[in-house]
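Below: the structure, in structure tokens.
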Amino acid sequence: MRRFLMSTAALVVVASPLPAFAQAAADEDPNEIIVTAQKRPERLKDIPVAASVLSGESVAQQHVTDLSDINRVVPSVEIKGTFNGRVPYGMRGISTNANEGAIGLTSGVSIQIDGIPVPADSFAANTISDVAQLEVLKGPQATLGGRTASAGVINFVTNGPSTASKGVFGVTITEDGEYRAEMRVSGPITNGVSFSLAGYDSKTPYPVYNTQLKQRSVAKSYGLRGKLKFEIGEDFDATLMGHYALSQSRGENFVYQYITPGAFLLAPPLTQALVLQGYTPYYGNTVYDSPVMMTSRYEDKDGSLVLNYRAGGLTLSSTTSLFRENQYQSQDLFETSVFFFNVLTGGHAPAFNDQQSNQGYVKQTTQEFKIATDNTKPLSALVGAFYSDMTVTGYGLRTFVPFSASAQNTSTTKNYALYGRVTAKFSETLSATGGLRYYKDKIGWSKTQFFNPALPADQAQWQGCGGPRNCTWNLSDSSTGLVGDFALQAHLSQGSMVYASYTRGYKPRAYNTAHDFTSLQSEVNLAAGAADKPFATPTAKEKIDSFEVGLKTSALDNHLSLNLAAFYTNYDGYQAQIFDNSQLIGILVLSNAGARTKGAEADITWHSGGTNLSIAAAYIDAKFRNFAGANCFPTQTVAQGCVAGGQNLSGKSLPASPKFKMNASLQQKVPLDSFDIVLGSNLSYRSSTVLQADGNPQTAQGAFALLDASIGVQTKDGSASLTFFANNITDKFYLTNAEDFFSGPWGANAVIGQPARDSHRYFGARASFKF
């Protein structure tokens, strides 16, 4: 399949028209968009939830090929990079961090594919392909989204089988080396049986360059998704899906942006001039010098079976899914030009070649049953039961003698839930919706720290082990609860609706699986038992109260649509993630704090003739309500608020939370006799933010704007198109993420940042052909 795709790409020349406005999934009437992220098909204009929807065509036209590209088109979303590692998700200012050692933590934003949740530890949704519609539901969605939806839902609806034969080929190429080929075919096989088959092959360069190995960081991936649909009359259908994907990368994703001048790595003679040869860290740096090649490999195998039976006005559904992902990462420790420990010890210690590895396995099984009544009736209901069983296992190896590690880390999560939602239409203008979800979460954590791989077996191995032997502990916990929501809706006119809603949400308890026996926070005799120690007790669950009011309206024969929402959400027990940089290698700390986010969102779309205009904006004020005793940022002084090793972040902004974001897209079609010219532009803006919870000023990302433009030609019926585009025309550099967990070995403030894929100007072409 991969060779076939590449051969096809050589024959077809790239892509699709140009930036289309995000809400226009239906060209004739954008208010008739149907969303499925709430467990049943519903009209977007009818649901009392702030939501953004992109059609598959808009996804392609706006070059949304990577999960972090959603940042550009949905202002309430903030995703901190997707290259070579775990992805921190954020929505409305509520976000998580990422650390390969901290496995099994929920992200707060539920990433779903066809309504099935994707494990937060997985790489499966990072590359966007085969998308029929992208749905973003903003704010807590616990009633139907469950334990993973404490901040919102992002649902990818993939293309399905069709009763008519059709297909599409598309290719994208850029002058800086990006390549993407996609194909999709669907149609009937025999009476009552249809299929769809979609595949892609891609290569994406990133603006990071290794001056020693003379190689640029690059990601490659390919995948295949197939579906079979069986229909028996009008009452029963079954859809079987199988999916395989492989993503690989080479090169660093983070490079140094700042190091305190004069600081040594560990000790003399490891000066910055020696270990960072050929460059000096600064904001905007995209190079590093290292003999170590960082690599990653993620392999996904998953499948699902969806059954629907309709009888007597009811729809009975069953969704079964199996998910498997194999992970491997080889990492460059401290990104130096020399093997730093060999230099420091003069070769009088076991050689350490600056490399550590992580190997992981993610397994998940889900089962959902639901019954839905006709939602056009005065009284309609949806009830269901959900079960998931997830295991994440990680193996880490680091032979660096002063901070060596060899461990197996396993996180298990089982979730049981019953939910129901009822909508009552009191009149033509007034209706109410209410829902409840009862849940039970069972979590487990098992960790074994093996013998130190860098020391003789007869020596004591780890703090607290009590002798030369492996350290192991097993912990478990369970909790139950009830969450829900309620909304009132009033239809003011044929095309206008206002609503007010309250949601009670939660995020489940969690173990800080980043703890290990070498952590200063774990200096206890684990072998003797430590039930009263902080690491042995899971972090308390989040309790969420969210209030929202909104307006959805259309006018001028549906040529103009306007959506407004204002919200206030309070998080008690917010699970703040912050790094402890007081030791050699930063350890992720999971702490309960108080947080709240409030703000307003607006989007307006206009389409008339050949003109499509879309403007979306979000003002978000997200702060810690109370967070005393948080870890200080590296080199933070008493004058800056660091007292006795801690700081008070109460009243400070949450990390990765720009106060203002906006996106504006304009598309103009110019009809000619035999074809159309299509002009497009896209402008996105983000205000400044600090990317780490500790408030480290060197992790600040200043305000910036990105401007893209395109010009293309397409046939009158839209079956073929060729588009030339320029992204980031003003060549504006920016970071998708910045971390300070390398500060410990420097004994100073050291910040590494991840330059965005589009943090430099580049040009390309897209073409597509439908048949």
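Calculated mean residue ellipticity at 222 nm for the chain: -1000 deg cm²/dmol, from DSSP H runs with n ≥ 4 weighted as -39500 (n - 2.57), summed, divided by the residue count and rounded to 500.
Our summary gives the chain a relative contact order of 13 percent, counting only alpha carbon pairs under 8 angstrom and 6 or more residues apart.
The modelled label-to-label distance for the pair F763/Y361, using points 7 Å beyond Cα in the direction of Cβ, is 5.0 nm.
For segment 140-220, with the dipole built from +1 on Lys and Arg beta-carbon atoms and -1 on Asp and Glu ones, taken about the Cα centre, which of P188, N210, T148 lies farthest toward the positive end? So the residue we want is T148. Here K166 and V383 are evaluated by their C-beta separation; at R0 = 35 Å the FRET efficiency comes out at 0.45. For the chain, the longest principal axis of the C-alpha atoms and the axis of helix 2-11 are separated by about 60°. Using a probe of 1.4 Å, the accessible surface attributed to F403 totals some 20 Å² when neighbouring protein chains are kept in position. Under the combined filter of DSSP loop state and at most 12 neighbouring Cβ atoms within 10 Å, segment 278-332 retains these chymotrypsin sites (Phe, Trp or Tyr not before Pro): Y282. Students often get this wrong, so check it: of K138/K377; K166/K203; K138/K507, which have C-alpha atoms separated by over 18 Å? From the list (K138/K377; K166/K203; K138/K507), the Cα-Cα distance tops 18 Å for K138/K377; K166/K203. For segment 588-655, trypsin sites (Lys or Arg not before Pro) are listed when DSSP marks them as loop and at most 16 other Cβ atoms sit within 10 Å of their Cβ; the list is empty.
Skip the ligands, DNA and RNA, and give the accessible area per residue of the chain with a 1.4 Å probe, whole Å². Display every interim value, and only then the final one.
Working: 28860 Å² over 771 residues.
The answer is 37 Å² per residue.
Express in nm, to one decimal, how much length is gained between V343 and L551 on full extension, taking 0.36 nm for each residue of separation and deducting their alpha carbon distance.
Numbers: separation 208, 0.36 × 208 = 74.88 nm, distance 6.43 nm.
Extra length available between V343 and L551 comes to 68.4 nm.
Ordered from highest to lowest accessible area with the whole protein assembly present and a 1.4 Å probe, Y387, Y511 read as Y387, Y511. Taking 0.36 nm per residue of sequence separation and removing the Cα-Cα distance, the Y244/T715 pair yields an extension gain of 166.2 nm. Looking at segment 225-254, the GluC sites (Glu not before Pro) that sit in a DSSP loop and have at most 14 other Cβ atoms within 10 Å of their own Cβ are E234. Just want the answer: with Cβ charges of +1 for Lys and Arg and -1 for Asp and Glu, which residue in L430, N512, Y298 is farthest toward the dipole's positive end in the chain? Working it through, the farthest residue towards the positive pole turns out to be N512.
Measuring r between the beta carbons of T472 and L213 and using R0 = 41 Å, the FRET efficiency lands at 0.60.
For segment 205-364, the tally of Lys pairs with Cα-Cα distances below 23 Å comes to 5, considering only residues 8 or more apart or on different chains.
Listed peptides 698-711, 256-269 appear in the order 698-711, 256-269 once ranked by packing, highest mean of other Cβ atoms within 10 Å at the front.
Remark: segment 248-255, residue by residue, has Karplus-estimated 3J(HN,Hα) of 9, 9, 9, x, 6, 9, 10, 9 Hz, where x stands for each Gly or Pro and the curve is 6.51 cos²θ - 1.76 cosθ + 1.60 at θ = phi - 60°. With the highest mean first, a sort of the peptides 379-385, 66-72 on other beta-carbon atoms found within 10 angstrom per residue produces 66-72, 379-385. Legend: calculated FRET efficiency, S582 to V498, from the Cβ-Cβ distance at R0 = 56 Å, rounded to 0.05, equals 0.65. PRE reach from A639 (point 7 Å along Cα→Cβ): which of segment 722-766 fall under 18 Å by backbone N? Output list for this probe position: 749.
For Q489, neighbours were defined as the other residues whose beta-carbon sits under 11 Å from its Cβ, and their charges (Lys and Arg +1, Asp and Glu -1) total +2.
Ordering G93, Y288, M390 by Cα displacement along the dipole of the chain toward the positive end leaves M390 in first place; charges were set at the Cβ atoms of Lys, Arg (+1) and Asp, Glu (-1). Note on the chain: with charges restricted to the Cβ of Lys and Arg (+1) and Asp and Glu (-1), its dipole about the Cα centre is near 760 debye.
Sorted by accessible area with a 1.4 angstrom probe, largest first, how do S650, S76 fall? Can you show the working numbers first?
Values: S650 45, S76 5 Å².
The most accessible residue leads, giving S650, S76.
Between the C-alpha center of segment 486-508 and that of segment 614-667 there is a gap of 29 Å.
The values are calculated or read from the model by the stated rules, or taken from the named source; none is laboratory data. On a predicted model such as this, the values are computed, not experimentally measured, just so you know. Reconstructed Cβ throughout: ideal geometry from the backbone, glycine too, with neighbour counts over all protein chains shown. Each accessible area value is taken on the protein alone, full model and side chains, heavy atoms only, with ligands, DNA and RNA left out. Shrake-Rupley method; radii C 1.70, N 1.55, O 1.52, S 1.80 Å.
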